[in-house]
Amino acid sequence: MEKRNSKGRVPCSLTPYTATPFSWGRNANGKRRPAPPAQRQGDTSDCKKEEPIMPALNWKPFIYGGLASITAECGTFPIDLTKTRLQVQGQVNDAKYKEIRYRGMVHALVRICREEGLKALYCGIAPAMLRQASYGTIKIGTYQSLKRMFVERPEAKIFVCETDETLMMNVLCGILSGVISSSIANPTDVLKIRMQAQGKTIQGGMMGNFIQIYQKEGTKGLWKAKYLEAKELLSIPSSSGTGVSLTAQRAAIVVGVELPVYDLTKKHIIMSGHMGDTVYTHFLSSFLCGLAGALASNPVDVVRTRMMNQKSHKHGGHSAYKGTLDCLLQTWKNEGFFALYKGFWPNWLRLGPWNIIVSSP
């Protein structure tokens, strides 16, 4: 039997008090217990303030982005090779590439296979994979990390709140990630383009050609024209002509257009109700962002390809072009405006499947 007092209640010693944040309980006389001093309304002097927890760096976008980029590069490399061959041909001031050998992407694929063999379609794949291992890893990982810095949990909110992600913020993140990644991976891009353009005429493996470029052209042979645009704007003569600035410009345009267009296209398709978050939505978004990237970047890509393919010397001098602006003007003057869009179809057809593979959920 429980012992009860004169009022018929169990003594408080037998019913220990446990306070909760919402009810402070009652004492033995039935009166409400007072809240502890530190937790009364308006008194927070003894309360501990929670420090904001900074989100840890997520390494998964870097690793997965690099693996996806390498896979995409291997699958689309023959198309990329035809794009390079189409962009370097028809140069009036370069006897080696003056002849128009290819009428289009399909004709280039057939002729390269017939004259140089099937293996030639993958000439330059080693520096291309090394480029994607660095460029693709940094680009995609940095883009996702920058978005997390500006938007809290973007994956959870992108389809809920319109104000969480904006086109301007996505473009800014894309440009920053493109410039950083392309500047680091520039030497591999130079060697890849030269091996694609010259085919069998270039001898040796990847490391041997890296050493050869360094010995003949110096460091600027791998990282050229870092300050070329600034010098051209100031009308300062410069003998440097390719490299970091051009690669960074193209990467800024491509990444600054492609990734935001993919994100926003997929978002609006899903929110419109016409299609759900399916593989078809992913395919459509990837091809549309590839089209936008090809339209925006192809002129810069033509200039970049021609500048990287030409050789320079340690003490200055170029075989055809003095700089990026000179290359742009000469190409337009000698071959017409549409020469800046040489290789557009393989460029788009490459970017479409490339984005499908890289952005696959």
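The values are calculated or read from the model by the stated rules, or taken from the named source; none is laboratory data. Note that the structure is predicted; figures quoted are calculated from it, not measured. Cβ coordinates were reconstructed from backbone atoms using ideal geometry, including for glycine residues, and neighbour counts include every protein chain displayed. With ligands, DNA and RNA removed, areas are computed over all heavy atoms of the protein, side chains included. Shrake-Rupley method; radii C 1.70, N 1.55, O 1.52, S 1.80 Å.
Taking residue 326 as the residue in question, decide whether it is under 22 Å from residue 70 (Cα atoms), open to solvent by less than 60 Å² (accessible area, probe 1.4 Å) and either of a type outside the set (S, T, N, Q) or out of contact with any Cys (no Cβ under 6 Å at 6 or more places or on another chain) (or both).
no
Scan the stretch 47-81 residue by residue and report those that are at pLDDT below 55 and either under 19 Å from residue 259 (Cα atoms) or crowded, with 19+ Cβ neighbours inside 10 Å (or both).
Hits for the stretch 47-81: nothing passes.
Within the set of pairs 6 or more residues apart or between chains, which connect a residue that is of a type in the set (Ser, Thr, Tyr) inside the stretch 117-131 to a residue that is modelled with pLDDT of 90 or more with Cβ atoms less than 8 Å apart?
Partner pairs satisfying both residue conditions: 122/77; 122/78; 122/81.
Is it true that some residue in the stretch 82-98 is surrounded by fewer than 17 Cβ atoms within 10 Å (Cβ to Cβ) and under 28 Å from the mean Cα position of the chain (by Cα)?
Within the stretch 82-98, not a single residue is surrounded by fewer than 17 Cβ atoms within 10 Å (Cβ to Cβ) and under 28 Å from the mean Cα position of the chain (by Cα).
Filter the stretch 111-127 down to the residues that are open to solvent by 90 Å² or more (accessible area, probe 1.4 Å) and over 9 Å from residue 81 (Cβ atoms) and list them by number.
Result: 114, 118, 119.
Yes/no matrix, rows are residues, columns are (1) β-branched (Val, Ile, Thr); (2) part of a helix (DSSP H, G or I); (3) modelled with pLDDT of 90 or more:
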position	(1), (2), (3)
280	no, yes, no
288	no, yes, no
298	no, yes, yes
304	no, yes, no
320	no, no, no
330	no, yes, yes
334	no, yes, yes
351	no, yes, no
354	no, yes, no
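Out of (1) surrounded by fewer than 17 Cβ atoms within 10 Å (Cβ to Cβ); (2) under 18 Å from residue 301 (Cα atoms); (3) of a type outside the set (Asp, Glu); (4) free of Cβ contacts under 8 Å to residues at least 60 places away in the same chain, what's the single condition that is false for residue 104?
Condition (4) is where residue 104 drops out.
Check 217, 229, 258 and return the single one that is among the acidic types (Asp, Glu), modelled with pLDDT of 50 or more and either open to solvent by 30 Å² or more (accessible area, probe 1.4 Å) or over 16 Å from the mean Cα position of the chain (by Cα) (or both).
Just a single option satisfies the conditions, and that option is 217.
Which residue is farthest from residue 293 (Cα to Cα), if the candidates are limited to the stretch 178-205 and must be at pLDDT below 85 and open to solvent by less than 10 Å² (accessible area, probe 1.4 Å)?
199
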